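Following: one structure in structure tokens, then a few remarks.
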Amino acid sequence: FSPVFHTGGGVNGLTHDYSLGTYIRVGNRVILNGFASLSGKDGGSIIGGNVTIAGLPFATTNNANSYSAAGIRIQNISFADQCSLATVQNTSTMDLREITNSGSVTTLTDGNIASNSYIMFNVSYPIS
């Protein structure tokens, strides 16, 4: 599969130099590893909005038990205190979020990524 950064639901204005992923499906669960790396960010073309990692090989199930957190390594992504990546119910995307020391959670936006941002991740989640 080919994971990519999205902002506002699309890749407009984002250029990827690497989009690599491997997975294994075991029954109704998928286990995957991914790497997405940007080589360019055109502020004039970018669709503003929340940053997601898109292109997962399967959508998560459509129930409250489908949320899974990923193990991550990131570079050139700004955030407050802690960064997290988690699946989104009934989609093939994951949200990038920041968590402050006081416990406030917000989704990262296009302003948090740079033209050379990258993310490596692994996650296991339920599928239909």
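Residue check: residue 38 meets all listed conditions (1) modelled with pLDDT of 95 or more; (2) closer than 18 Å to residue 123 by Cβ; (3) hydrophobic (A, V, I, L, M, F, W, C) but one, namely (2).
Taking region 46-72, which residues are of a type in the set (S, T, N, Q) and touching a Ser or Thr at 6+ places or on another chain (Cβ under 9 Å)? The answer is 50, 52, 60, 61, 62, 66, 68. Looking only at region 58-68, residues that are aliphatic (A, V, I, L, M) and surrounded by fewer than 13 Cβ atoms within 10 Å (Cβ to Cβ) come to 1 in all.
Could you please find all residues in region 23-45 being among the hydrophobic types (A, V, I, L, M, F, W, C), out of contact with any Ser or Thr (no Cβ under 6 Å at 6 or more places or on another chain) and either touching a residue at least 24 places away in the same chain (Cβ under 8 Å) or surrounded by 14 or more Cβ atoms within 10 Å (Cβ to Cβ) (or both)? Hits for region 23-45 are 30, 32, 35. Taking region 71-117 as the region of interest, the strands (runs of 3 or more DSSP E) fully inside it that hold 3 or more residues being touching a residue at least 24 places away in the same chain (Cβ under 8 Å) and surrounded by 15 or more Cβ atoms within 10 Å (Cβ to Cβ) are 71-77, 82-87, 93-99.
The residue that is nearest to residue 61 (Cα to Cα), among those in region 1-22 that are open to solvent by less than 70 Å² (accessible area, probe 1.4 Å) and among the aliphatic types (A, V, I, L, M), is 4.
The values are calculated or read from the model by the stated rules, or taken from the named source; none is laboratory data. These numbers were taken from a predicted model, which means no experiment stands behind them. So basically every Cβ, Gly included, is an ideal-geometry build from the backbone, and we count neighbours across all protein chains shown. Note: areas computed on protein heavy atoms with side chains; ligands, DNA, RNA excluded. Shrake-Rupley method; radii C 1.70, N 1.55, O 1.52, S 1.80 Å.
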